[in-house]
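Student: One structure, as structure tokens, below. Some questions next.
The values are calculated or read from the model by the stated rules, or taken from the named source; none is laboratory data. Note that the structure is a prediction, hence the values are computed from the model and not measured. All Cβ positions, even for glycine, are placed from backbone atoms using ideal geometry, and neighbour counts span all protein chains on display. Quick note on the areas: whole protein, heavy atoms, side chains included, nothing else; ligands and nucleic acids left out. Shrake-Rupley method; radii C 1.70, N 1.55, O 1.52, S 1.80 Å.
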Amino acid sequence: MSDVIEKAVHRAIERMHENLAAPLTVEEMARTAMFSKFHFTRIFQRVTGVSPGRFLSALRIQRAKELLVSTSLNVADISHEVGYASVGTFSTRFSNSVGVSPIRFRRLGGKVSHIPTGRRRHTPVEAMATIRGDVWAPHTDDPGLVFVGLFPGRIPESLPVTCTVLTGPGPFVLENAPPGTWYLLAHSVAAEHKNTTHVLDAGERELCVGSHGPIVIRPRTGVRPADLRLAPIRPVDPPVLLAMLDGSA
């Protein structure tokens, strides 16, 4: 990947961070990156895996998560801080992305005790597949819990169709993967930082992420091999929107 392209995408993401409360068009982002709108959209998706609009939307929810656990601002004020004119729209978007409502997220201190799955009903058992593989991670004495889930897109949000939680890097098995095109996404927070909210700067630096995909599951696929390698999250990686597990629970 060209260093010029990487820097251009970085500039655009910095512009997003600076304008979360205000409307920001793709044209404005492209001007910041110094590319045409159409070329910018292509290179942004190539570098980050998602469109500029999806990335900006994810940053807004990420910022809302931070404000909910680090300030006493009410939900209405937070929704305006991150660019939503309607509190109802913000609450719905937040709940769909994070897995819990803004109020519940605040009450839980930004952590959940378990992550349910959004299993597809009425899918025959024989059509389901099993995904097996290994999670590799940077060397650390205690890398903490590792979440592995199957999602319809490259952003870890909403409920995974199937998931598992490991006590550390190593082999994993995901059962009941339905037919479709999916992305295998993983994240972990170093054990010594498990009690810091991952959306804050300190926690974000300790967050490691990994992805594999797209993975196409067809009826009677059987077992699908897939490995994941975790690495410290970068500014160009989409944020983890799904509520983090409470490692102390």
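Student: All other residues with a Cβ under 14 Å from the Cβ of SER72 taken together, and with Lys, Arg as +1 and Asp, Glu as -1, what is their net charge?
Tutor: Spelling it out: positives minus negatives among the neighbours equals -1.
Student: To continue, here is another question. At 1.4 Å probe radius, can you tell me the per residue accessible area of the chain in Å²?
Tutor: Result: 49 Å² per residue.
Student: Can you tell me the relative contact order of region 1-74? Whole percent, Cα pairs under 8 Å, sequence separation 6 or more.
Tutor: Here the relative contact order equals 28 percent.
Student: Relative contact order for region 1-146: what is it in percent, counting Cα pairs under 8 Å that are at least 6 residues apart?
Tutor: 17
Student: May I pose another question? Return, ordered by residue number, the residues of region 17-41 whose backbone nitrogen is under 18 Å from a label point located 7 Å along Cα→Cβ of VAL4.
Tutor: Those under the cut-off are 30-41.
Student: Starting from the 7 Å offset along Cα-to-Cβ, what nm value, one decimal, do you get for the label separation of ARG11 and ASP134?
Tutor: Here the answer is 4.2 nm between the modelled labels.
Student: Another question, if that's okay. Spelling out what I want: for every residue of region 54-71, take phi, set θ = phi - 60°, compute 6.51 cos²θ - 1.76 cosθ + 1.60 (Karplus), and round to whole Hz; glycine and proline get x.
Tutor: With the stated coefficients, region 54-71 comes to 5, 5, 4, 4, 5, 4, 5, 5, 4, 5, 4, 4, 4, 5, 5, 9, 10, 9 Hz.
Student: Would you please give the residues with an amide H less than 5 Å from that of MET244, counting only those at least 5 places away or on a separate chain, with H modeled from the backbone geometry?
Tutor: Sorted by chain and number, the residues that satisfy this are VAL112.
Student: Separate question: Run the quick spin-label model on SER72 and SER113: label points 7 Å from Cα toward the beta carbon, then report their separation in nm to one decimal.
Tutor: 2.8
Student: Around ALA30, under 13 Å between beta carbons, what's the net of Lys plus Arg minus Asp minus Glu among the other residues?
Tutor: Once all neighbours under 13 Å are counted, the net charge is +3.
Student: Using a 1.4 angstrom probe on heavy atoms only, work out the carbon and sulfur share of the accessible area of the chain in %.
Tutor: Heavy-atom surface of the chain belonging to carbon and sulfur, 1.4 Å probe: 52 percent.
Student: While we're on this one: Suppose a student asked you for the relative contact order of the chain, using Cα pairs under 8 Å spaced at least 6 residues apart; what percent would you report?
Tutor: 21
Student: For volume of the Cα convex hull per residue in Å³, the choices are (1) 132; (2) 145; (3) 171; which was calculated from the structure?
Tutor: (1)
Student: Let me ask something additional. In debye, nearest 20, what is the charge dipole magnitude of region 33-120 about its Cα centre with +1 on Lys and Arg Cβ and -1 on Asp and Glu Cβ, if you could check?
Tutor: 420
Student: Pairing the Cα long axis of helix 37-48 with the longest principal axis of the chain, what angle in degrees results, from 0 to 90 and rounded to the nearest 10?
Tutor: 40
Student: Antiparallel DSSP bridges in the chain: what percent, to the nearest 5?
Tutor: Antiparallel bridges make up about 80 percent of those DSSP assigns within the chain.
Student: Between ILE103 and THR167, take the C-beta separation as r, use R0 = 25 Å, and let me know the FRET efficiency to the nearest 0.05.
Tutor: With R0 = 25 Å, the Cβ-Cβ based efficiency is 0.20.
Student: Let me have the 222 nm mean residue ellipticity of the chain computed from DSSP H runs of 4+ only, each contributing -39500 (n - 2.57), with the sum over all residues rounded to the nearest 500.
Tutor: After summing the helix terms and dividing by residue count, I get -10500 deg cm²/dmol.
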